[in-house]
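Below is one structure, written out as structure tokens; comments come after it.
Values in this text are rule-based calculations from the coordinates and carry no lab data. Here the structure is a predicted model, which is why all the values come from computation and not from measurement. Note: ideal-geometry Cβ built from the backbone for every residue, glycine included; neighbour counts use all protein chains shown.
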Amino acid sequence: MSILLSDQDKISCKTHKYETCIVADLNTKGKKDVNFLCIKCLLKQHSNQKLTLIEDTKKLISQMKSQKMEKQTKENEAKRETFKNVLSQIKEFKITLDLTFDKMTSFVQQ
């Protein structure tokens, strides 16, 4: 494939069909053809795995935010249940105290 193409003749990636190739891999090791790479292929070949596409990074951030919100919602629900239980116990204790005071009052009035 000739690298000297006009601007109108864009080279498409063989792996990612609709991606436009942006670099040529000259490390062909005796092959006659030059290997053209799109940005996705370039990132796959790059040794630093901490590089990602902006779109993929946005998706990852969105997933992380969703996970954080889900975790926070579960924690808030657990706290709410704990507070409900404490409130219920306080109400039961109040009822017990009221009954005890009523009994004491009636005993003293006799």
* Simple Cβ-charge dipole of the stretch 53-110, Lys/Arg +1 and Asp/Glu -1, about Cα centre, in debye nearest 20 -> 200 debye
* Structure fact -> Given pairs K14/K40; K17/K40; K44/K71; K10/K40; K58/K79 and cut-off 21 Å on Cα-Cα distance, the over-length ones are K44/K71; K58/K79
* Asked: With labels modelled as points extended 7 Å from the Cα through the Cβ direction, what inter-label distance (nm, one decimal) is found for H16 paired with F101?
  -> 7.3 nm
* Please name which of F83, L97, Q110 has its Cα lying farthest along the dipole of the stretch 53-110 towards the positive end, using unit charges on Cβ (Lys, Arg +1; Asp, Glu -1) and the Cα centre as origin. => F83
* **Likely footprinting exposure, C21, C13, fewest C-beta neighbours within 10 Å first** => C13, C21
